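The values are calculated or read from the model by the stated rules, or taken from the named source; none is laboratory data. No experiment lies behind these values; they were computed from the predicted model shown. Every residue, glycine among them, receives a Cβ derived from its backbone with ideal geometry; neighbour counts consider all protein chains shown. With ligands, DNA and RNA removed, areas are computed over all heavy atoms of the protein, side chains included. Shrake-Rupley method; radii C 1.70, N 1.55, O 1.52, S 1.80 Å.
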Amino acid sequence: RMDNGTIVADPVRFPSGMKALADYVHSQGLKFGLYTARGSGTCQGRPGSLNYEYIDAATYCDWGLDYIKVDTCKGAKDANTSWTRFHEGLTECYERTGHQIVMSVEYCDSPDTCGLWVPQLANLWRTSGDVQNVWSSILSNINKNDQMVNIASPGHFNDPDMLQVGNVGLTIEEQKSHFSMWSIAGAPLLAGTDIEHASKETLSILTAAEVLEVNQDLGLDGRIQGKNIGSSHDLAGSNNSSLTWVKKMSDGKRTAVLLLNTDDQDTANLTISASKLNITFSKMKVRDLWAQKDLGMYEDIFTATNVPWHGVAMVMIEEA
């Protein structure tokens, strides 16, 4: 930082300065984001924003920032105070320039404490620890995220952390399940893999159009986040366990449903009923969102057969 507290770009890594870098990124049709922390330093040892929130917000505004991630590192103090200062600084930026900066913070995991005020300050907030590319971490993060379901609203999102799609550690079925759960949860979809060298399988998951539609839909009455309603029924009668997420779409006519087989070794037949989905009709038209094809008409119940272990059936239901 300079004597007046203004943060300085690394002159070796960014010899032309950050404004020039942001301008270049924008010229490519992309958005520009950067990372800081609300402590004295970042987790990487760079300068943090503790007590510099206002001046950093003004600096990042002048650089042309579109997105800022505020981490928790290096002696971070009260989140409410720090995030309020950033929010006020970024609001001043918008009032002065008309340019909005998306604010991501880490973290808020309680609807009864920080959940009462974080939506007034940030656009998205981490709801759990760092996600790892192992199945247990995926389930842990999405389950913690589900506890915050009533806090999310359009423009203010629960963030269970970045996607591990394309990284070593998860099977293809687990990656599809991971992407499906993040999508129906209305989570920010932040690709956490090397896009330039991503496989066709990875790109097909990240660009699954009808699954993405569920993520991007604002939900009925602005309830953007699908909710975990518990287990579904296994017609095979085995000990297979499962979880079910439901999201009412904004058109008021369709309901997205995700059936997850959480068993560690066996396939399962997973069934959901109209009554459990809290829909008023019994004749259901069902469409497979991954296969992008209609499955037919069903009376009161729908069964997804042979769902792989750690796999999903993700469907859209509307009145037949």
Query raised in the report: Check residue 41: other-chain or 5+ apart residues with amide H under 5 Å from its amide H, H built from backbone geometry?
Result: 48
Query raised in the report: What size of dipole, in debye to the nearest 20, comes out for the chain about its Cα centre when the only charges are +1 on Lys and Arg C-beta atoms and -1 on Asp and Glu C-beta atoms?
Result: 300
Report summary line: Between residue 218 and residue 3, the two model label points (7 Å from Cα along the beta-carbon direction) sit apart by a distance in nm of 5.1
Query raised in the report: Picking from 96, 126, 13, which is most flexible by a Gaussian network model of the chain using Cα springs under 10 Å?
Result: 13
Query raised in the report: So what's the net charge close to residue 27: Lys and Arg +1, Asp and Glu -1, counting the other residues with Cβ under 14 Å from its Cβ?
Result: 0
Report task. Kindly express, to the nearest 10 degrees and within the range 0 to 90, the angle between helix 53-63's C-alpha long axis and the longest C-alpha principal axis of the chain. Result -> 90
Query raised in the report: Quick one: with all protein chains in place, what share of the accessible area of the chain is carbon or sulfur, to the nearest percent (1.4 Å probe)?
Result: 50
Query - Added length on full extension, which subtracts the Cα-Cα distance from 0.36 nm per residue, residue 51 to residue 209 - result: 52.6 nm
Requested in this report: Rank by packing, highest mean first: peptides 279-286, 102-109, 27-34, 254-261, with packing defined as the count of other Cβ atoms within 10 Å averaged across residues.
Outcome: 254-261, 102-109, 279-286, 27-34
**Report entry** Gyration tensor verdict on region 1-106 (Cα atoms; rounded if a/c is under 1.5, prolate if a/b is larger than b/c, oblate otherwise)
**Finding:** oblate
Report summary line: Between residue 201 and residue 30, the two model label points (7 Å from Cα along the beta-carbon direction) sit apart by a distance in nm of 2.6
**Report entry** Rough spin-label spacing in nm, given labels placed 7 Å along Cα→Cβ, for residue 303 and residue 285
**Finding:** 2.5
**Report entry** Amide H partners (placed H, <5 Å) of residue 35, local residues excluded
**Finding:** 69
Requested in this report: Pick out, from 7, 68, 228, the residue whose Cα sits farthest towards the positive end of the charge dipole of the chain, with +1 on the Cβ of Lys and Arg and -1 on the Cβ of Asp and Glu.
Outcome: 7
Report task. Please name whichever of 91, 181, 129 sits farthest to the positive end of the charge dipole of the chain, dipole taken about the Cα centre and charges placed at Cβ: Lys and Arg +1, Asp and Glu -1. Result -> 91
Query - Residue-normalised accessible area of region 3-83, given per residue in Å² at a 1.4 Å probe - result: 53
Report task. Specify the inter-centroid distance of region 246-320 and region 200-219, based on alpha-carbon positions, in whole Å. Result -> 17
Report task. Return one number: the angle in degrees, 0 to 90 and rounded to the nearest 10, between the long axis of the Cα atoms of helix 172-184 and the longest principal axis of the Cα atoms of the chain. Result -> 70
**Report entry** Rounded if a/c under 1.5, otherwise prolate or oblate - region 178-296, Cα gyration tensor axes
**Finding:** oblate
Query raised in the report: If you place +1 on the Cβ of every Lys and Arg and -1 on the Cβ of every Asp and Glu, how big does the dipole about the Cα centre of region 208-309 come out, in debye to the nearest 20?
Result: 420
Query raised in the report: With every protein chain present, what is the per residue accessible area of region 110-162 (1.4 Å probe, Å²)?
Result: 39
Query - For region 1-145, size of Cβ-based charge dipole, Lys and Arg +1, Asp and Glu -1, in debye - result: 280
Report summary line: Computed, not fitted: 222 nm per-residue ellipticity of the chain from DSSP H runs ≥ 4 (each -39500 (n - 2.57)), nearest 500, equal to -7500 deg cm²/dmol
Query - Residue-wise HN-Hα coupling along region 245-253, computed from phi with Karplus coefficients 6.51, -1.76, 1.60 (Hz; x: Gly, Pro) - result: 10, 9, 9, 7, 6, 5, 6, x, 10
**Report entry** Mean separation of Cα contacts under 8 Å (6+ apart) over length of region 81-158, as relative contact order %
**Finding:** 28
**Report entry** Contact order relative to length of region 135-236, as percent, for alpha carbon pairs under 8 angstrom and 6 or more apart
**Finding:** 33
Query raised in the report: List the lysines whose alpha-carbon lies under 28 Å from that of residue 19, not counting same-chain residues fewer than 8 positions away?
Result: 31, 69, 74
Query - Nearest-0.05 FRET efficiency for residue 44 and residue 292, computed from C-beta distance (R0 41 Å) - result: 0.50
Query raised in the report: Once the piece of chain linking residue 241 and residue 153 is laid out straight, how much longer is it, given 0.36 nm per residue of separation minus the C-alpha distance between them?
Result: 28.7 nm
Query - Of 77/247; 176/276; 200/293; 253/293, those spanning more than 29 Å from alpha-carbon to alpha-carbon - result: 77/247
**Report entry** C-alpha long axis of helix 79-97 to longest principal axis of the chain, angle in °
**Finding:** 80
